[in-house]
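The values are calculated or read from the model by the stated rules, or taken from the named source; none is laboratory data. All values derive from a computational prediction rather than experimental measurement. Note: ideal-geometry Cβ built from the backbone for every residue, glycine included; neighbour counts use all protein chains shown. These accessible areas exclude ligands, DNA and RNA; they are computed on the full protein's heavy atoms, side chains included. Shrake-Rupley method; radii C 1.70, N 1.55, O 1.52, S 1.80 Å.
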Amino acid sequence: MNNPKCKLKINMIDLESACEFHDPMMEFSYFLDLETGEVVMTTGEERRLLEDIYEQYGDPETGEVDWPTILPQLGIPDWQKETLPLADQVEAGYGTRYIAIPQVESYEGYNDMVAFIGTVSNPRLQACLERAISGRGAFRYFKDVLMDYPKERERWFQFRDERMHQRVLEWLENEGIESI
């Protein structure tokens, strides 16, 4: 964005969840609405359906779709009749009204585990966690080890959440957005 700061009321929990959620099979994409501060989700299925609708029903000159007219003709579930116009709105406003919310990369989550291990005062637990993250299944093994240490497990969740919050604040800053 890189304009002067834009102030938005944003639900930070929703925004942080959108950054954290990964499900390649569902092909979720999350966007921040720069007018309302809302987090909006679209799916790959919706985007594919939109392409077909644009091709079949879009105005040849503008590409716009008359949603009230075509929705009853589509034969889709009611919930999709609500989500498709929103997905269309995101497509139309991408880069101006809507911006993509970045997803946290797995290496960032791994780096969080490494940083957390450095804060663990119990040498035995620290060694177990270091072994847990060396190799395949690091995330699962890390969590498995913490199951036997409820206080440290809770501290891990707080640590991870704080780092996610900081990432989101940095992203908003880079986009010229101030959360109010």
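In the stretch 114-124, which residues are part of a helix (DSSP H, G or I) and open to solvent by 60 Å² or more (accessible area, probe 1.4 Å)? Before you say what the answer is, go through the steps one by one.
So the first thing to find is which residues in the stretch 114-124 are part of a helix (DSSP H, G or I), and the list is 114-117, 123-124.
Within the stretch 114-124, Val114, Pro123, Arg124 meet the criteria.
Results for (1) within 30 Å of Glu35 (Cβ to Cβ); (2) of a type in the set (Gly, Ala, Ser); (3) loosely packed, with under 12 Cβ neighbours inside 10 Å, shown as yes or no for each residue.
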residue: Pro77; (1), (2), (3): yes, no, yes
residue: Lys81; (1), (2), (3): yes, no, no
residue: Leu86; (1), (2), (3): yes, no, no
residue: Val90; (1), (2), (3): yes, no, no
residue: Asn111; (1), (2), (3): no, no, no
residue: Gln126; (1), (2), (3): no, no, no
residue: Ala132; (1), (2), (3): no, yes, no
residue: Asp148; (1), (2), (3): no, no, yes
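Filtered by the rule that a residue be surrounded by fewer than 11 Cβ atoms within 10 Å (Cβ to Cβ) and either part of a helix (DSSP H, G or I) or touching an Asp or Glu at 6+ places or on another chain (Cβ under 7 Å) (or both), the stretch 134-146 gives a lone residue, Arg140. Where strands (runs of 3 or more DSSP E) fall entirely within the stretch 1-96, those with at least 2 residues that are under 17 Å from the mean Cα position of the chain (by Cα) and in contact (Cβ under 8 Å) with a residue 40 or more places away in the chain are at 28-33, 39-43.
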